[in-house]
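The values are calculated or read from the model by the stated rules, or taken from the named source; none is laboratory data. From a predicted model like this one, the values you see are computed outputs, not experimental measurements. Cβ coordinates were reconstructed from backbone atoms using ideal geometry, including for glycine residues, and neighbour counts include every protein chain displayed.
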């Protein structure tokens, strides 16, 4: 069974695909997490599709041909914003530490003319289970706005979380950027409905409340990662977040599950490890200097859309109370 995760990014899709790949491989199966299909993939000598950043150099036809040639089992992702960027003729800026690959104007112009219908059809034929991640749009746009300030899409170690989101860090949110992200989230939902009407919705809150139940239900496996590592994925996620609140940033942390993820990365089955939760809503209320203006910006946005409800201050407090039951020390 192959899994495809649809996302606007910032809705838990990276954590879900990594956790799913770790869970499946730990259960004794062999899976390759290609991460994003639209910014670079390749086939290894055994015909297994794996992640290899190539920017937007590959055509949709090339990607479809590699999906056909693939011999392995996949956990992959398609982010709607990559489609928008390709169609607008933009360059791809790779993550920090990944070498930027030059791309010709001819290729960028080609990307602007590509027809996505065959690509969507190929995805539906190759991937047995297609999932789309959803999240409260206020928290989605707020998280993306914080990402803009920190320059970090995700963090993968305790040390990295402390550096980017430590107690002394604050954020002044660009409200215009937040508005753009709210509109993008709206476009994402319509994109899913138009192109993947049978996709299964998975909510960000459910991913972070019980990731073990999510991956077990998705795979249909009667397997618990706790049997092999002595800790569930949910317990592990919460532990790393809590450790980052008290950890000495001058030390280097490691454990058996981290070492297992490193092995999967070396084998090409995982691009990088499971990210650590960056911030709770409680963190954001404390650290976002213009939080109330952010809430007001969101509520004004709801006037232009029938899709999303107004959020009150008491709603925020109730959400914090529920989340603190999971992540509070």
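Scoring residue 224 on the criteria (1) without any contact (Cβ under 8 Å) to a residue 60 or more places away in the chain; (2) farther than 28 Å from residue 146 by Cα; (3) under 20 Å from the mean Cα position of the chain (by Cα) leaves a single failure, condition (3). Residues considered: 297, 289, 302. Of these, the only one that is crowded, with 18+ Cβ neighbours inside 10 Å and modelled with pLDDT of 90 or more is 297. Output yes when any residue across segment 243-265 is more than 30 Å from residue 26 (Cβ to Cβ) and crowded, with 18+ Cβ neighbours inside 10 Å, and no when none is. Checking segment 243-265: not a single residue is more than 30 Å from residue 26 (Cβ to Cβ) and crowded, with 18+ Cβ neighbours inside 10 Å. Taking helices (runs of 4 or more DSSP H) as the structural unit, those lying wholly within segment 101-220 and holding at least 1 residues that are farther than 27 Å from residue 23 by Cα and under 19 Å from the mean Cα position of the chain (by Cα) correspond to 137-150, 158-165, 175-195.
All conditions but one from (1) without any contact (Cβ under 8 Å) to a residue 40 or more places away in the chain; (2) over 30 Å from residue 43 (Cβ atoms); (3) assigned to a helix (DSSP H, G or I) apply to residue 295; the one that does not is (1).
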